[in-house]
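Data block below; observations after.
The values are calculated or read from the model by the stated rules, or taken from the named source; none is laboratory data. Predicted model, so just to flag it, every value in this text is computed and none were measured. Here the Cβ positions follow ideal geometry from the backbone for every residue, glycine too, while neighbour counts run over all protein chains shown.
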Protein chains: 2
Amino acid sequence: MKYIEKLRNSGLRPTKQRLQICEVLFNTEKTFHFTINELNQKIKRQINNKISLATIYNTVHAFEKKGYLKQIPINSNQTYFDTNVSHHHHFYDLKDEKLIDLENSDVGPINILKKINGKKIKSVEVLVKLED
Amino acid sequence: MKYIEKLRNSGLRPTKQRLQICEVLFNTEKTFHFTINELNQKIKRQINNKISLATIYNTVHAFEKKGYLKQIPINSNQTYFDTNVSHHHHFYDLKDEKLIDLENSDVGPINILKKINGKKIKSVEVLVKLED
DNA sequence: TTCGTAGTTTATAATGATTCTAAATAGGTG
DNA sequence: CACCTATTTAGAATCATTATAAACTACGAA
Ligand SMILES: [Mn+2]
Ligand SMILES: [Mn+2]
Ligand SMILES: [Zn+2]
Ligand SMILES: [Zn+2]
């Protein structure tokens, strides 16, 4: 398995559950956005054996901490995650409640002129809300 | 009261509770960011009579719908609102969990090159995460 | 290979922000 | 005032997320 080493290198034991979650999250052509609930459904569809919801939460948070997933800052009753961890932005379609990637190159360079004493910029994320 | 007309013009009855919430939200020198819980505390401090939490939720949502408040897109377990309804952006201090305004002029012009068929841009918001 | 231990999974309970409900109250109009 | 509807309210319900603690597992050491 190609994910065993990835997990080991991160100090995460390559358990059966984590490897299966890796398959669902990373063994795809395209990256995608998901909520925990959506991921749970997807896992049920793609995998024979059941994974506890607690494990899905644990694993997603572990992967996020290791930088394999990103949380998307958006106001929703559920937290959205992204398997695209490159620096990029998002459209949010207010009607369909769907996220669409906005590549870094689709947004001109962003220049933050204000500085905060003793703080460094960790990330700059743009959210473009769409209506009909 | 200066808020009676504002409410009437919005089709909202100027009730005692709404007027008191207006005082707390809008009768200040500076704009500010808040969660419902923080607003509830602030109201308790500044007002003699108690306002039900349900009314605070109702009123904040009504004001947001009328454009007197904005929701700030951020990942938190609580929803953040802003009394600054001008087009502006935010720093988010990850350590202190505090929001800081970034005026529009503090961010260069943002050019969204990608277009989505049949959708219009409603807003463009930048979130700059800060670390030490 | 077996052991020991820490890491992990799991079902289930707890938490907590938000929304819902339905009864009481209050604003506005004639 | 009299009526109607909007609003307020306490409390219950919802539901995403986190905590708990017991069972299980990966894996290095013996
Ligand atoms: Mn939220
Ligand atoms: Mn959230
Ligand atoms: Zn994305
Ligand atoms: Zn602001």
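For B:N117, the conditions (1) more than 7 Å from chain A (Cβ to nearest Cβ); (2) crowded, with 19+ Cβ neighbours inside 10 Å; (3) over 12 Å from the mean Cα position of the chain (by Cα) all hold with the exception of (2). Assess whether B:N77 counts as being within 14 Å of chain A (Cβ to nearest Cβ) and either more than 27 Å from B:K129 (Cα to Cα) or within 16 Å of ligand 2 (Cβ to nearest atom) (or both). In short, yes. Restricting the first member to the stretch B:9-33 and to residues that are farther than 15 Å from B:E64 by Cβ, and the second to residues that are basic (K, R) and modelled with pLDDT of 95 or more, the beta-carbon pairs closer than 6 Å and six or more apart or on different chains are B:V24/B:K42.
Candidates in the stretch A:95-114 are the residues that are more than 7 Å from every other protein chain (Cβ to nearest Cβ) and more than 26 Å from A:G67 (Cα to Cα); of these, the one that is surrounded by the fewest Cβ atoms within 10 Å (Cβ to Cβ) is A:K95. Determine, yes or no, whether A:I43 is under 24 Å from B:Q78 (Cα atoms), surrounded by 17 or more Cβ atoms within 10 Å (Cβ to Cβ), within 16 Å of DNA strand C (Cβ to nearest atom) and of a type in the set (A, V, I, L, M, F, W, C). For A:I43, the condition - under 24 Å from B:Q78 (Cα atoms), surrounded by 17 or more Cβ atoms within 10 Å (Cβ to Cβ), within 16 Å of DNA strand C (Cβ to nearest atom) and of a type in the set (A, V, I, L, M, F, W, C) - is not met.
Take the conditions under 28 Å from B:S105 (Cα atoms) and among the acidic types (D, E) and apply them to A:D82. Does it pass? Here the answer is no, as A:D82 does not meet what is asked.
For the stretch B:53-69, the count of residues that are within 9 Å of chain A (Cβ to nearest Cβ) and either surrounded by 11 or more Cβ atoms within 10 Å (Cβ to Cβ) or within 16 Å of ligand 2 (Cβ to nearest atom) (or both) is zero. May I ask you to list the residues in the stretch A:22-38 that are aliphatic (A, V, I, L, M) and within 11 Å of the chain's Cα centre (by Cα)? Result: A:L25, A:I36. Scanning the stretch B:70-83 for residues that are in contact (Cβ under 8 Å) with a residue 12 or more places away in the chain, away from DNA strand D (no atom under 16 Å from the Cβ) and surrounded by fewer than 17 Cβ atoms within 10 Å (Cβ to Cβ) gives no hits.
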